[in-house]
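**Student:** Quick one: structure below, then a few questions.
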């Protein structure tokens with residue numbers, strides 16, 4: 001599966017036994033500290049696709065607002081957005097970053113979906129394997145592994161994938177779970193650590209906990225390592241907080 005999804009990547013060796021408890025341990029620590037995240041109500045694949053396409057490098061509040069703005073301006077049918085003048089779409093998505101780039105990408109994607117399938121829906125993707133869905137989605141301009149993972153995992157498709165936004169990526173790198181690298185490579189490594197028993201819903205919860213942690217304590221600047229529930233297993237924290245003799249490592 002990963003061979004198809006990541007055709008140009010070097011395939012790492014299978015995870016060692018010591019690696020297999022890393023994510024479950026971190027998940028338990030975050031769950032104990034933050035509690036269970038609010039469960040997601042999955043959207044249709046198309047709605048999730050639109051949201052993920054527009055939300056790149058945009059704060060959650062603004063991303064949520066743009067969906068309300070689009071519906072208020074164009075109504076509940078995505079055909080109205082597809083057929084609207086580009087200037088109207090750009091005006092409707094002003095709250096997100098780079099609206100002048102995202103508006104034409106959105107309109108083009110909606111047109112291409114219609115041309116390829118005959119109607120404006122992505123529900124047909126449920127008939128395909130996860131790796132084929134993601135490869136197909138990533139043919140659209142502006143869609144990379146983060147967006148494709150969000151569509152397959154967060155939507156009603158409910159497939160196994162890890163969505164790596166900036167918060168999630170930062171936390172896993174500080175923990176030393178993966179070397180610094182791009183989203184595609186990082187997801188590949190992390191998925192080899194994911195227990196086989198974890199469902200798509202569990203991976204969604206896992207992402208939510210990492211995102212909350214990145215927004216709350218493990219921030220980009222001035223992370224609050226002293227209050228971090230992951231301090232005892234965090235390489236970054238072990239370098240920045242003393243006394244180090246009280247800390248343990250997740251292992252190499």
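**Student:** Out of all the residues in segment 89-99, which are loosely packed, with under 15 Cβ neighbours inside 10 Å and over 22 Å from residue 139 (Cα atoms)?
**Tutor:** Within segment 89-99, 91, 94 meet the criteria.
**Student:** Suppose the filter is at pLDDT 95 or above, within 18 Å of residue 169 (Cα to Cα) and surrounded by fewer than 19 Cβ atoms within 10 Å (Cβ to Cβ); does residue 216 pass it?
**Tutor:** On the way: at pLDDT 95 or above: yes; within 18 Å of residue 169 (Cα to Cα): yes; surrounded by fewer than 19 Cβ atoms within 10 Å (Cβ to Cβ): yes.
Yes; evaluated as a whole, the condition is true for this residue.
**Student:** OK, next. Do any helices (runs of 4 or more DSSP H) lying entirely in segment 157-236 carry at least 2 residues that are closer than 19 Å to residue 131 by Cα, and which ones are they? Let's see the steps before the verdict.
**Tutor:** Numbers: elements: 166-175, 183-191, 200-216.
Those helices (runs of 4 or more DSSP H) span 183-191, 200-216.
**Student:** While we're on this one: Tell me, which helices (runs of 4 or more DSSP H) wholly within segment 50-107 include 3 or more residues that are under 22 Å from residue 145 (Cα atoms)? Don't jump to the end; show me each part of the working.
**Tutor:** Working: elements: 60-74, 78-82, 86-92.
Counting at least 3 such residues, we get 60-74.
**Student:** Next up: Among the numbered criteria (1) outside any loop (DSSP other than H, G, I, E, B); (2) not assigned by TED's automatic domain parsing to the domain that holds residue 76, which one does residue 126 miss?
**Tutor:** Of the numbered conditions (1) outside any loop (DSSP other than H, G, I, E, B); (2) not assigned by TED's automatic domain parsing to the domain that holds residue 76, the odd one out for residue 126 is (2).
**Student:** Does residue 97 meet the test of being modelled with pLDDT under 95 and under 27 Å from residue 212 (Cβ atoms)? Don't jump to the end; show me each part of the working.
**Tutor:** Values: modelled with pLDDT under 95: no; under 27 Å from residue 212 (Cβ atoms): yes.
The answer is no for residue 97.
**Student:** Which of the residues that make up segment 192-207 are surrounded by fewer than 20 Cβ atoms within 10 Å (Cβ to Cβ) and under 19 Å from residue 143 (Cβ atoms)?
**Tutor:** Correct list: empty.
**Student:** Among the listed residues 140, 210, 124, which satisfies the condition of being under 12 Å from the mean Cα position of the chain (by Cα) and either crowded, with 19+ Cβ neighbours inside 10 Å or under 30 Å from residue 103 (Cβ atoms) (or both)?
**Tutor:** On the way: 140 fails: under 12 Å from the mean Cα position of the chain (by Cα); 124 fails: under 12 Å from the mean Cα position of the chain (by Cα).
Just a single option satisfies the conditions, and that option is 210.
**Student:** Moving on. Among the listed residues 5, 53, which satisfies the condition of being buried (at least 19 other Cβ atoms within 10 Å of the Cβ), at pLDDT below 95 and closer than 30 Å to residue 206 by Cβ? Break it down into steps so the answer makes sense when it comes.
**Tutor:** On the way: 53 fails: at pLDDT below 95.
Going through 5, 53 in turn, the sole match is 5.
**Student:** So residue 102 ticks every box in (1) over 17 Å from the mean Cα position of the chain (by Cα); (2) closer than 19 Å to residue 125 by Cβ; (3) buried (at least 19 other Cβ atoms within 10 Å of the Cβ) but one. Which box is left unticked?
**Tutor:** Condition not satisfied by residue 102: (2).
**Student:** Considering only segment 149-156, I want to know if a residue exists there that is at pLDDT 95 or above, part of a loop (DSSP other than H, G, I, E, B) and surrounded by fewer than 23 Cβ atoms within 10 Å (Cβ to Cβ). Before the answer, list the steps.
**Tutor:** Step one: filter segment 149-156 for residues at pLDDT 95 or above, giving 149-156.
After this cut, where a residue has to be part of a loop (DSSP other than H, G, I, E, B) as well, the list is 155-156.
The next check asks that each one be surrounded by fewer than 23 Cβ atoms within 10 Å (Cβ to Cβ); those that pass are 156.
Checked against the condition, which is being at pLDDT 95 or above, part of a loop (DSSP other than H, G, I, E, B) and surrounded by fewer than 23 Cβ atoms within 10 Å (Cβ to Cβ), segment 149-156 yields at least one hit.
**Student:** Just checking, which of 180, 185 is in the same structural domain as residue 229 (by TED's automatic domain parsing) and surrounded by fewer than 15 Cβ atoms within 10 Å (Cβ to Cβ)? Reasoning before the result, please.
**Tutor:** Values: 185 fails: surrounded by fewer than 15 Cβ atoms within 10 Å (Cβ to Cβ).
Matching residue, one of 180, 185: 180.
The values are calculated or read from the model by the stated rules, or taken from the named source; none is laboratory data. Quantities reported herein were computed from a predicted structural model and do not represent experimental measurements. Note that each Cβ is placed from the backbone with ideal geometry, even for glycine, and that neighbours are counted across all protein chains shown.
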